[in-house]
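J.: After the structure tokens below, expect a handful of questions from me.
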Amino acid sequence: MKERFMNTYARTGLVLDHGAGARLFARDGAEYIDFTAGIGVNSLGHGHPKLVAAIAAQAAKLIHVSNYFITEPAVELAYRLTEMTGFDSVFFCNSGAEANEGIFKLARKYGSSKNPDKNVIVTLKQSFHGRTITTVTATGQDKFHRFFGPFTPGFVYADPEDISALDALLEPNVCAFVFEPIQGEGGVRMISREYLHAAEKLCRERDILFCADEVQTGIGRSGAILACERLGLRPDVVAVAKGLAGGVPIGAVLARGKAADVFQPGDHGTTFGGGPLAATAALVVLSELASPGFLDEVDRKGRHLMSQIAELRHPLVKDVRGMGLMVGIGVKVDPHEVVDAARAHGLLVLTAGDDTVRLLPPLVITMADIDEGIAALKLALDDVERVHR
Ligand SMILES: Cc1ncc(COP(=O)(O)O)c(C=O)c1O
């Protein structure tokens with residue numbers, strides 16, 4: 001039967017049926033170690049008993065009511081999330097792109113209250129911010145800037161690491177600087193602390209909102225609740241999404257200080273955002289992340305993963321980099337070849353950029369599953385190497 005999907009994804013044809021922890025099971029019975037977590041979404045893995053039970057119980061009570069009304073899970077989540085991250089206010093939405101749209105609107109309203117021309121948003125080259133017209137515009141990669149023009153005006157791209165270039169770009173008409181602490185889709189590209197701290201300082205001096213897109217790095221992925229915390233950065237606004245509700249769609253814009261009260265009724269909104277089902281799921285995720293030692297374990301598992309891959313000293317591997325359980329392996333071949341070979345050995349991995357295999361395992365993955373996954377990755381790299389010999 002011909003698929004009725006629009007042809008947007010280069011899919012594998014793998015039909016998945018169920019999962020448990022960091023394991024996925026296909027309809028044909030094949031078992032996989034999951035180093036993808038639904039692209040950084042399934043933070044508690046698959047079939048997490050507390051998450052499943054909480055979602056089922058909430059579904060029986062209320063699934064959706066609209067933002068005309070308040071529900072307890074949403075109020076509690078707003079409280080827990082702002083407490084855990086140190087922000088003052090939150091807006092809930094449904095995806096990473098929508099959270100970034102929230103940042104852009106907030107920043108433009110903030111800027112226009114200072115000066116009618118203060119509406120330019122500076123992002124970084126190699127960034128990725130989403131698939132809506134405006135988040136595609138914000139994405140600093142030419143390959144995304146085809147077909148869909150005209151694009152949203154008022155976006156400018158800075159070279160990561162070139163602070164004097166950023167200094168020149170941050171003119172009085174700029175309302176926000178938006179960055180990923182680690183560029184995910186762009187290739188798990190680390191950005192230096194020095195650059196980010198210098199950028200933060202420039203933003204403070206010029207009343208420009210310093211805004212982090214932590215859609216991929218946030219909510220425990222880096223080994224801290226936010227990667228900015230690990231980097232010692234204090235953004236005015238942050239976007240999170242992906243892992244926040246463990247697989248139920250959610251996004252959030254967190255703001256503090258001068259950015260916290262920019263929106264007034266009617267400025268912004270969304271039908272599904274902050275619904276009781278997603279909020280309930282997110283409360284389970286946050287409660288697990290807050291349990292003693294959880295985030296330290298993420299960091300420990302990430303270090304183990306990176307050191308074990310480095311120790312393979314595989315001829316196809318250029319470098320291994322990352323933070324927490326967000327890991328990039330620079331490879332000398334097309335990373336898609338490694339993805340396919342890994343699948344044949346029962347391991348699911350991702351690509352990022354042109355030369356990077358990306359690993360985003362569930363945050364609850366066990367050391368045993370990590371080790372088994374690395375053994376499969378070695379076999380996959382050997383297979384690819386054999387083909388290229
Ligand atoms: C850093 C970053 N921002 C935004 C997005 C877009 O998120 P979504 O696909 O939920 O709209 C992604 C998705 O990969 C991302 O990694």
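No value in this document is a laboratory result; all are computed from the given coordinates. Because the structure is a prediction, the values reported are computed rather than measured. As a convention, Cβ positions derive from the backbone with ideal geometry for all residues, glycine included, and neighbour counts pool all protein chains shown.
J.: Inside region 337-349, can you point out the residues that are outside any helix (DSSP H, G or I) and over 19 Å from residue 307 (Cα atoms)? Let's see the steps before the verdict.
T.: In the first step, residues of region 337-349 are kept if they are outside any helix (DSSP H, G or I); the result is 345-349.
Correct list: 345, 346, 348.
J.: Considering every residue within region 54-67, establish whether at least one is free of Cβ contacts under 8 Å to residues at least 24 places away in the same chain, away from the ligand (no atom under 12 Å from the Cβ) and at positive phi.
T.: The answer is no, given that none of the residues of region 54-67 is free of Cβ contacts under 8 Å to residues at least 24 places away in the same chain, away from the ligand (no atom under 12 Å from the Cβ) and at positive phi.
J.: Can you pull out the residues in region 83-125 that are within 12 Å of the ligand (Cβ to nearest atom) and touching a Pro at 6+ places or on another chain (Cβ under 7 Å)?
T.: Those that are within 12 Å of the ligand (Cβ to nearest atom) and touching a Pro at 6+ places or on another chain (Cβ under 7 Å): 94, 95, 124.
J.: Continuing with this model, one more query. Among the residues of region 83-93, is there at least one that is touching a Phe, Trp or Tyr at 6+ places or on another chain (Cβ under 8 Å), assigned to a helix (DSSP H, G or I) and within 30 Å of residue 258 (Cα to Cα)?
T.: no
J.: Can you pull out the residues in region 105-134 that are of a type in the set (Val, Ile, Thr) and either within 18 Å of residue 262 (Cβ to Cβ) or in contact with a strand residue (DSSP E or B) (Cβ under 9 Å, 6 or more places away or on another chain) (or both)?
T.: At the first step, the residues of region 105-134 found to be of a type in the set (Val, Ile, Thr) are 120-123, 132-134.
Hits for region 105-134 are 120, 121, 122, 123, 134.
J.: Which of the residues belonging to region 94-117 are outside any helix (DSSP H, G or I) and either touching a residue at least 60 places away in the same chain (Cβ under 8 Å) or buried (at least 18 other Cβ atoms within 10 Å of the Cβ) (or both)? Reasoning before the result, please.
T.: Taking region 94-117 as the starting set, the residues that turn out to be outside any helix (DSSP H, G or I) are 94-95, 115-117.
Passing the criteria: 94, 95.
J.: To continue, here is another question. Whether any residue in region 224-240 is within 14 Å of the ligand (Cβ to nearest atom) and either part of a loop (DSSP other than H, G, I, E, B) or farther than 26 Å from residue 188 by Cβ (or both) is what I want to check.
T.: yes
J.: How many residues are assigned to a loop (DSSP other than H, G, I, E, B) and within 11 Å of the ligand (Cβ to nearest atom) if we restrict to region 210-223? Before the answer, list the steps.
T.: Residues of region 210-223 assigned to a loop (DSSP other than H, G, I, E, B): 214-223.
This time we only want the ones that are within 11 Å of the ligand (Cβ to nearest atom), so: 214-218, 221.
Matching residues across region 210-223 total 6.
J.: Another one. Restricting attention to region 31-53, does a residue exist that is among the aromatic types (Phe, Trp, Tyr) and in a helix (DSSP H, G or I)? Can you show your working first?
T.: Filtering region 31-53 for residues among the aromatic types (Phe, Trp, Tyr) gives 32, 35.
Applying the additional criterion that residues be in a helix (DSSP H, G or I) yields none.
No.
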